[in-house]
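**Q** Just dropping this structure here.
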Amino acid sequence: MKLSSALHNKDWLKPVFGVTIIFILCILFSPESSKGSIIFLKFDNLTNVLRQVSEIGIISIGMTFVIIAGGIDLSVGSVLALSATLTAFGIMDWQLGFTFTIILALFSGASTGFINGAVTAFGKMQSFIATLAMMTAARGFALFISDNNSRNIGFGENAAPDSFRIFTDSFAGIPLPVFIFVAVTIAFNILLQKTRFGRYVFAIGSNENASKLAGLKVNRIRIYTFVVAGLLSALAGIIHTAQLLQGNPNDGVGFELDAIAAVVIGGTSLMGGKGSISGTFAGVLIIGLLSNILGLHGIQKDFQLMLKGVIIIAAVFIQGNSMNYEWKKLFTKRS
Amino acid sequence: MLSFSEISKSYSGNEVLHDVSFDIDYGEITALVGENGAGKSTLMKVLSGVIKEYTGKIIVGNEVREFNSPREAELAGISIIHQELNLIEDLTIAENIFLGREPVTKFGLLDFEKLYEDADEILRGFEFPFSSKTKVSDLNVGWQQIVEIARVFSIDSRIIIMDEPTSALTESEIRILFEKIKILKNQGKAIIFISHRLEEVFELADEIVVLSNGCFVGKFKNEQIIKSELISKMIGKKHYETQRTINDIENEILLNVDGVDVYNKKKIISGVNFKLKKGEILGLAGLLGSGKSEFLKFLYGKKSYLFTGTIELKGKKIIPKYPHCSIDENVYYISKDRKRDGILTGMNITENSTISVLQNYVKYGCLNKKMERQEVNAEAEFLNIKMNSLQQPIETLSGGNQQKVLLGRGLLTDPELLLLDEPTRGIDVGAKEEIYNILMELASEGISLIISSSEIPELLRICDRILVFSRGKQRAVFNTSETNGEEILQFAFMED
């Protein structure tokens, strides 16, 4: 009784609860090593889960802002590819050095985000369409820059500086991308929960008309949400390049759908006005944990994908969030 | 004969129809008149099966009938033409006219030839200049209205209800419509005609039924009643004392509106002239669509219309452009449509209250939620908002309490001028009283208010002066103590 009322009052508790359940299931169903220890719980395995989800995770944080504000961003995968390409070319061919390469990559994300937002807000266009166009265009731009080739990264004279290796380094046994993911989660959770901007994001997602009448500069706020999404996608692109030591303009296909899935599993409503960063963090972990445990059992990608489809629906139903609400509305209308 | 017998209907405790009984004869045109909210539309919704829950009886012929849907009513020979058009814009005129009753060939396919032939036949009767193959979206609103009417003509209805059918039509279109209505009458059909344009009522109707505050006032033969008499019947017997005296007001002028005409492609509001003093409550009276709501939206900058004339706020010329600019000038507006333009669904009472003033609570870049809660708490206490906690989602409150939260949202911005559009719309009687008292208290604290309302008694009670709009024009300004409901209504019904 106490638990269910606690879950009712604090929306963000639901996904945390979900992660805990999945975590326990993973322990129960984990294969055992020859010495009898639980492979899933090994430190290396757990950090590996976090490392694998860090890119999608960072993108999902940005996607959460856009979706709470009542939009959607389909261009995140392409922006990742553009940023990855710029990173590889910046550090190898153009010899921009560590700092300027990263600034360039982040700038590409911020400007694509700005364009997404401006077209949506001032062009009075649905963000689905505006970002669909950017999804195509950003990918095209990445292919144009790279002349349709991926760029490998090497180190040394006239190549990448050693400082670029930092992204593959580990600290206290934990890879840097994991630290970045966690730091981004904490920082953007504060931005969403504790600042004026965060409150405004909820408000315009909940009721754009009312927000405008209450004196909010709705267009500006909407653009910022897309800039956040673009910026974080570009950050994910830098990490992507550094981990693979390659900038590939064809990478990141389908990332937008993985990110949307994580956000939705985390309890954020596609109708806007409702959601949380902690939920998205949990959503990302749920997806990561499940593919990890399936991988440990040697289950192939095809089956994993099918199961992921089922998990998305199940997670949303169990949480009884917006989707479920829509269903309820549908049924009450009928009767 | 069609009879209404003791029809009553309430919405959440508010009685909107009270024991309404009268008869309507076939072969006659009956006009239904009354103020906004008198219950005309509700009564017609009861008759046409839109409203299913009511008490009393509807007797058609000698049978008591109950309709569960508009479709059932239509099959029983009762058709309604709504004020809002019900056409499917992407279909052709013919497809709309015969929607759900399309002729089919013996193979079960649509018989387009017959469809368009039959439709053209009906349209000819309306001197319709387009082929029935025209898409409805290509027509202007006037012709769309005629299509809607043609649809009803094609059904063999015995009772035809028209809710303000002429509001979007031009003079020549109205002539054609009236001719058709007279033909229908001669065919022995019963026509029920709702209109705010009393001139039309007197031109067309045989019988005039007056409703007031949900009650049946009387049924009169056209020849036996004149316009001013009709209007005084509509206002009813109730008498309202104003609770305001001119002495309450300081003399400093806050807002000076001088010769303002407002344009949205064409002129939509004209000749607005008034001075609003500090701590004064000005009422805007008028029928639906008279321009009173539009004027408030314009003044707040909800829509940035072009205008001529001058508007001075605190002696400074202003051009209303955006809500956030108006808020900076200490002007705040609350819409009549709470759900669409007011509440932030899914967000709690605190968040809903402070959305316009978040800058006041920023400390080290973050919101100081404790300070926020304290201020909202004080405001909620002043407004007497009934709630379980400040964390409660706003949509779980009653209409009256939602309205109080929105009022609180405005008050937190420290306004000097409050623009309220129908501030007591859809809220129960008790909450209405509370809101009246709150508004008068605010005025005594020096806030000026402009209140637009369709309920004249409400304006008479709480306003110092009342400005009357009709057809987009300012017609008169009265001191509340020197006027009465009848006089205001006379001006509200004024035509060019």
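The values are calculated or read from the model by the stated rules, or taken from the named source; none is laboratory data. Please read all numbers here as calculations on a predicted model, not as lab measurements. In this analysis, Cβ positions are derived from the backbone assuming ideal geometry, glycine residues included, and neighbour counts consider all displayed protein chains.
**Q** Please enumerate the residues belonging to the stretch B:158-188 that are of a type in the set (Gly, Ala, Ser) and within 28 Å of B:Gly61 (Cβ to Cβ). Give the steps one after another, and end with the answer.
**A** Let us first name the residues in the stretch B:158-188 that are of a type in the set (Gly, Ala, Ser), namely B:167-168, B:172, B:188.
Once the filter is applied, which keeps residues that are of a type in the set (Gly, Ala, Ser) and within 28 Å of B:Gly61 (Cβ to Cβ), the stretch B:158-188 yields only B:Gly188.
**Q** Could you go through the stretch A:33-54 and let me know if any residue there is within 30 Å of A:Met271 (Cβ to Cβ), within 22 Å of the chain's Cα centre (by Cα) and part of a helix (DSSP H, G or I).
**A** yes
**Q** If the requirement is being more than 18 Å from the chain's Cα centre (by Cα) and away from chain B (no Cβ under 14 Å), which of these qualifies: A:Leu245, A:Leu235, A:Leu231? Before you say what the answer is, go through the steps one by one.
**A** Working: A:Leu235 fails: more than 18 Å from the chain's Cα centre (by Cα); A:Leu231 fails: more than 18 Å from the chain's Cα centre (by Cα).
Sole residue among the options that is more than 18 Å from the chain's Cα centre (by Cα) and away from chain B (no Cβ under 14 Å): A:Leu245.
**Q** Look through A:Leu213, A:Leu176 and report the one residue that is within 22 Å of B:Asp337 (Cβ to Cβ), of a type outside the set (Gly, Ala, Ser) and in contact with an Asp or Glu (Cβ under 6 Å, 6 or more places away or on another chain).
**A** The match here is A:Leu213.
**Q** Shifting gears a bit: In the stretch B:76-125, which residues are closer than 15 Å to B:Leu139 by Cα and of a type in the set (A, V, I, L, M, F, W, C)?
**A** If the condition is that a residue be closer than 15 Å to B:Leu139 by Cα and of a type in the set (A, V, I, L, M, F, W, C), then B:Leu85, B:Leu87, B:Ile88, B:Leu91, B:Ile93, B:Ala94, B:Ile97, B:Leu123 are the ones that fit.
**Q** When you scan the stretch B:399-414, do you find a residue that is assigned to a loop (DSSP other than H, G, I, E, B), surrounded by fewer than 24 Cβ atoms within 10 Å (Cβ to Cβ), more than 25 Å from the chain's Cα centre (by Cα) and touching a residue at least 12 places away in the same chain (Cβ under 8 Å), even just one?
**A** yes
**Q** When the stretch A:122-134 is examined, which residues are found to be surrounded by fewer than 21 Cβ atoms within 10 Å (Cβ to Cβ) and touching a helix residue (DSSP H, G or I) at 6+ places or on another chain (Cβ under 8 Å)?
**A** A:Phe122, A:Gly123, A:Met125, A:Gln126, A:Ala133
**Q** On the given criteria, is B:Met371 touching a Phe, Trp or Tyr at 6+ places or on another chain (Cβ under 7 Å), at the interface with chain A (Cβ under 8 Å from one of its Cβ atoms) and either touching a residue at least 60 places away in the same chain (Cβ under 8 Å) or on the phi < 0 side of the Ramachandran plot (or both)?
**A** In short, no.
**Q** Moving on. Taking the condition surrounded by 19 or more Cβ atoms within 10 Å (Cβ to Cβ), touching an Asp or Glu at 6+ places or on another chain (Cβ under 9 Å) and not in a loop (DSSP other than H, G, I, E, B), does B:Ile176 pass?
**A** no
**Q** Here is a follow-up. Out of B:Ile435, B:Ile450, B:Ile427, report the one residue that is closer than 19 Å to B:Cys325 by Cα and within 24 Å of the chain's Cα centre (by Cα).
**A** B:Ile450
**Q** What number of residues within the stretch B:415-433 are modelled with pLDDT of 90 or more, surrounded by fewer than 20 Cβ atoms within 10 Å (Cβ to Cβ) and either of a type in the set (A, V, I, L, M, F, W, C) or in a helix (DSSP H, G or I) (or both)?
**A** 0
Residue by residue, here is whether (1) more than 14 Å from chain B (Cβ to nearest Cβ); (2) hydrophobic (A, V, I, L, M, F, W, C) holds:
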position	(1), (2)
A:Leu192	no, yes
A:Phe197	no, yes
A:Gly205	no, no
A:Asn209	no, no
A:Lys212	no, no
A:Leu216	no, yes
A:Arg220	no, no
A:Thr225	yes, no
A:Asp251	yes, no
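**Q** Identify, please: which residue in the stretch B:16-37 is within 17 Å of the chain's Cα centre (by Cα), part of a loop (DSSP other than H, G, I, E, B) and not polar (S, T, N, Q) and is, among those, modelled with the highest pLDDT?
**A** B:Gly34
**Q** Can I ask one more? Can you go through B:Ile438, B:Ile451, B:Ile488 and tell me which one is in contact (Cβ under 8 Å) with a residue 24 or more places away in the chain and outside any helix (DSSP H, G or I)? Quick ask: steps written out before the conclusion?
**A** On the way: B:Ile438 fails: outside any helix (DSSP H, G or I); B:Ile488 fails: outside any helix (DSSP H, G or I).
One residue alone meets the criteria, B:Ile451.
**Q** Report the residue count in the stretch A:240-259 for those that are surrounded by fewer than 24 Cβ atoms within 10 Å (Cβ to Cβ) and part of a loop (DSSP other than H, G, I, E, B).
**A** Within the stretch A:240-259, residues that are surrounded by fewer than 24 Cβ atoms within 10 Å (Cβ to Cβ) and part of a loop (DSSP other than H, G, I, E, B) number 6.
**Q** Consider only pairs whose beta carbons are under 8 Å apart and that are at least six residues apart or on different chains; among these, list those whose first residue lies in the stretch B:76-91 and is free of Cβ contacts under 8 Å to residues at least 60 places away in the same chain and whose second residue is crowded, with 19+ Cβ neighbours inside 10 Å.
**A** Note: pairs meeting the criteria are B:Ala76/B:Val60; B:Ala76/B:Phe67; B:Ile88/B:Glu95; B:Ile88/B:Asn96; B:Ile88/B:Val136; B:Glu89/B:Val136; B:Asp90/B:Val136; B:Leu91/B:Val136.
**Q** With respect to A:Ser60, determine if the residue is at pLDDT 95 or above and farther than 24 Å from B:Gly346 by Cβ. So that I can check it myself, show each step before the final result.
**A** Working: at pLDDT 95 or above: yes; farther than 24 Å from B:Gly346 by Cβ: no.
No; evaluated as a whole, the condition is false for this residue.
**Q** Looking only at residues that are of a type outside the set (A, V, I, L, M, F, W, C) and part of a helix (DSSP H, G or I) in the stretch B:58-85, which one is modelled with the highest pLDDT?
**A** Checking each candidate, the answer is B:Glu72.
**Q** May I ask you to list pairs of residues, at least six apart or on different chains, whose Cβ atoms are under 7 Å apart, with the first in the stretch B:315-336 being in contact (Cβ under 8 Å) with a residue 60 or more places away in the chain and the second being in a loop (DSSP other than H, G, I, E, B) and small (Gly, Ala, Ser)?
**A** Matching pairs, first to second residue: B:Ile327/A:Gly215; B:Ile327/B:Ser356; B:Ile334/B:Gly342; B:Ser335/B:Gly342.
**Q** Among the residues of the stretch B:458-482 satisfying the criterion of being assigned to a loop (DSSP other than H, G, I, E, B) and touching a strand residue (DSSP E or B) at 6+ places or on another chain (Cβ under 7 Å), which is surrounded by the most Cβ atoms within 10 Å (Cβ to Cβ)?
**A** Taking the stretch B:458-482 and keeping what is assigned to a loop (DSSP other than H, G, I, E, B), we get B:463-464, B:471-472.
From what's left, touching a strand residue (DSSP E or B) at 6+ places or on another chain (Cβ under 7 Å): B:463-464, B:472.
Numbers: B:Cys463: 28, B:Asp464: 23, B:Gly472: 21.
Among residues in the stretch B:458-482 that are assigned to a loop (DSSP other than H, G, I, E, B) and touching a strand residue (DSSP E or B) at 6+ places or on another chain (Cβ under 7 Å), the one surrounded by the most Cβ atoms within 10 Å (Cβ to Cβ) is B:Cys463.
**Q** State yes or no: is B:Asp118 under 23 Å from B:Phe178 (Cα atoms), surrounded by 14 or more Cβ atoms within 10 Å (Cβ to Cβ) and charged (D, E, K, R)?
**A** In short, yes.
**Q** Kindly check whether there is at least one residue in the stretch B:216-223 that is at pLDDT 70 or above, among the acidic types (Asp, Glu) and assigned to a loop (DSSP other than H, G, I, E, B).
**A** The answer is no; no qualifying residue exists.
**Q** Okay, next question. Can you find, within the stretch B:275-314, the residue that is surrounded by the most Cβ atoms within 10 Å (Cβ to Cβ) among those that are without any contact (Cβ under 8 Å) to a residue 40 or more places away in the chain and under 16 Å from B:Gly259 (Cα atoms)?
**A** B:Phe298
**Q** If you don't mind, there's one more thing I want to ask. Kindly establish whether B:Glu422 is in contact (Cβ under 8 Å) with a residue 12 or more places away in the chain, on the phi > 0 side of the Ramachandran plot and in contact with a strand residue (DSSP E or B) (Cβ under 8 Å, 6 or more places away or on another chain).
**A** Yes; evaluated as a whole, the condition is true for this residue.
Here's the yes/no breakdown for (1) of a type in the set (Gly, Ala, Ser); (2) in contact with a strand residue (DSSP E or B) (Cβ under 9 Å, 6 or more places away or on another chain); (3) at pLDDT below 95; (4) over 24 Å from B:Ile447 (Cα atoms):
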| residue | (1), (2), (3), (4) |
| --- | --- |
| B:Ser326 | yes, yes, no, no |
| B:Asn330 | no, yes, no, no |
| B:Ile334 | no, yes, no, no |
| B:Arg338 | no, no, yes, no |
| B:Gly342 | yes, yes, yes, no |
| B:Gly346 | yes, yes, yes, yes |
| B:Ser356 | yes, yes, no, no |
| B:Lys370 | no, no, yes, yes |
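**Q** For the stretch B:286-366, please list each of the helices (runs of 4 or more DSSP H) lying entirely inside it that holds at least 1 residues being among the polar types (S, T, N, Q) and more than 14 Å from chain A (Cβ to nearest Cβ).
**A** none
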